[in-house]
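The values are calculated or read from the model by the stated rules, or taken from the named source; none is laboratory data. Values in this document were obtained by computation on a predicted structure and should not be read as measured data. Quick reminder, even Gly has a Cβ in these numbers, built from the backbone with ideal geometry, and neighbours come from all protein chains shown.
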């Protein structure tokens, strides 16, 4: 979930830079595409395997 939080922080900074109101974190995560969610799940699984070794 940390990657989502980092991505959200970048999003919020860009919104502030352009004078836009960012959506909340929950809505941000809900709007991620299935490809983005799958990429995160793959990354998290690989990272978990490395930590077990």
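Observations
- In the range 25-53, the residues that are surrounded by 11 or more Cβ atoms within 10 Å (Cβ to Cβ) and within 17 Å of residue 15 (Cβ to Cβ): 25, 28, 29, 32
- When the range 19-34 is filtered for residues that are more than 12 Å from the chain's Cα centre (by Cα) and in a helix (DSSP H, G or I), only 34 remains.
- Among the residues here, residue 16 qualifies as part of a helix (DSSP H, G or I) and surrounded by 10 or more Cβ atoms within 10 Å (Cβ to Cβ).
- Among residues of the range 1-13 being modelled with pLDDT of 90 or more and surrounded by 13 or more Cβ atoms within 10 Å (Cβ to Cβ), the one that is farthest from residue 31 (Cα to Cα) is 12.
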